[in-house]
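Since the structure comes first, as structure tokens, the remarks are kept for the end.
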Amino acid sequence: MGISGGLFPSPRSLVIPALFGVLMSYGVLGGFILGLSSLVIHDKELWNGFIILAIMPPAVAVIPFTDLLRGNNAFSLAGTMGGYLSALVILPLILYKFVGSSRFALEKLSIAAIVLIIIPLVVSRLLRWRKIDKDLAAVKGTITNWSFFVVVYSIVGLNQDIFTRQPMRLVPVAAIAVGSMFVLGLIIEWIGKLFRIDRQTTTSLVLLGTIKNYGLAAGIALALFSKESALPATVSTIFMFVYIIWMGVRQRWP
């Protein structure tokens, strides 16, 4: 809902930030996740989950988090748009390779794409067209929080045996989540300083290059693979909140 048709004065202003959104989300973060996973993940179901995670677009939360951390709002919006537009091509191609060409797999992939990408995009446009988005502004944060709760609670519940009886199985998953956020974020921040990129734009680049749409990843993993495949997205969601709090605290340091 935060993306309006008249947000930018010229379409040209979208191009570079949109390309950076694609680069940071798929090239930098996606490559980092797959690289780490190939080194420490030997469980096929978890590996499937990390593949799904790597090809996800940036988190929708990049936009409100940019505002919270005083980043470059226009850059984050354009970068997020670029990530989602490219996802409409990247997601089907990569998933087609993994789930195959069977009618059952294609039906599941089509349903996942319609429910998790197309319907939300269409509904967001309708809400703006009917000006309902303004009425929802006061409760948007509450709705978002409960949505995260439903996703996390559902997947943790489905995998309760792992959380209670096999917690060590989650250690490499948590390590990758920490590395792809905290470590990679510091690296991107350092590169931003090296190239003398302004702090606001660097903040946007860090967000685009460290957090994915974990809810979308969990939904597609559950639809196409197994409940265990949704664990990487769930664990990453938990660490995402800690990561954003940590970024906010760091900004207050002298």
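Here is how the numbers come out for the structure above:
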{"item": "Scope segment 206-243; condition touching a helix residue (DSSP H, G or I) at 6+ places or on another chain (Cβ under 6 Å) and either more than 30 Å from K44 (Cα to Cα) or among the aromatic types (F, W, Y) (or both); matching residues", "result": "Y214, F225, F239, Y243"}
{"item": "Condition broken by T210, with the remaining ones in (1) within 17 Å of S76 (Cβ to Cβ); (2) in a helix (DSSP H, G or I); (3) under 16 Å from the mean Cα position of the chain (by Cα) satisfied", "result": "(2)"}
{"item": "Looking only at segment 189-201, and only at residues there that are more than 19 Å from D67 (Cβ to Cβ) and charged (D, E, K, R), the one that is surrounded by the most Cβ atoms within 10 Å (Cβ to Cβ)", "result": "K193"}
{"item": "Helices (runs of 4 or more DSSP H) (entirely within segment 125-197) containing at least 2 residues that are more than 19 Å from L216 (Cβ to Cβ) and under 22 Å from the mean Cα position of the chain (by Cα)", "result": "140-158, 171-178, 184-194"}
{"item": "Any hit, segment 118-141, residues being surrounded by 16 or more Cβ atoms within 10 Å (Cβ to Cβ), in contact (Cβ under 8 Å) with a residue 60 or more places away in the chain, under 21 Å from M240 (Cα atoms) and not small (G, A, S)", "result": "no"}
{"item": "Residue selected from segment 85-106 under the condition at pLDDT below 75 and surrounded by fewer than 15 Cβ atoms within 10 Å (Cβ to Cβ), by the criterion nearest to F50 (Cα to Cα)", "result": "F98"}
{"item": "Tabulated pairs, segment 142-160, first at pLDDT 85 or above, second surrounded by fewer than 16 Cβ atoms within 10 Å (Cβ to Cβ), C-beta under 9 angstrom, 6+ apart or interchain", "result": "I143/L136"}
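Residue-by-condition table, conditions (1) within 17 Å of G49 (Cα to Cα); (2) touching a residue at least 12 places away in the same chain (Cβ under 8 Å); (3) surrounded by 20 or more Cβ atoms within 10 Å (Cβ to Cβ):
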{"position": "A177", "(1), (2), (3)": "yes, yes, yes"}
{"position": "I187", "(1), (2), (3)": "no, no, no"}
{"position": "T203", "(1), (2), (3)": "no, yes, yes"}
{"position": "K212", "(1), (2), (3)": "yes, yes, yes"}
{"position": "A217", "(1), (2), (3)": "yes, yes, yes"}
{"position": "L222", "(1), (2), (3)": "yes, yes, yes"}
{"position": "S226", "(1), (2), (3)": "yes, yes, no"}
{"position": "I238", "(1), (2), (3)": "yes, yes, no"}
{"position": "G248", "(1), (2), (3)": "no, yes, no"}
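The values are calculated or read from the model by the stated rules, or taken from the named source; none is laboratory data. In this text the structure is predicted, and so the values were computed from the model without any measurement. When we count neighbours, we look across all protein chains shown, and the Cβ atoms used for this are built from the backbone with ideal geometry, even at glycine.
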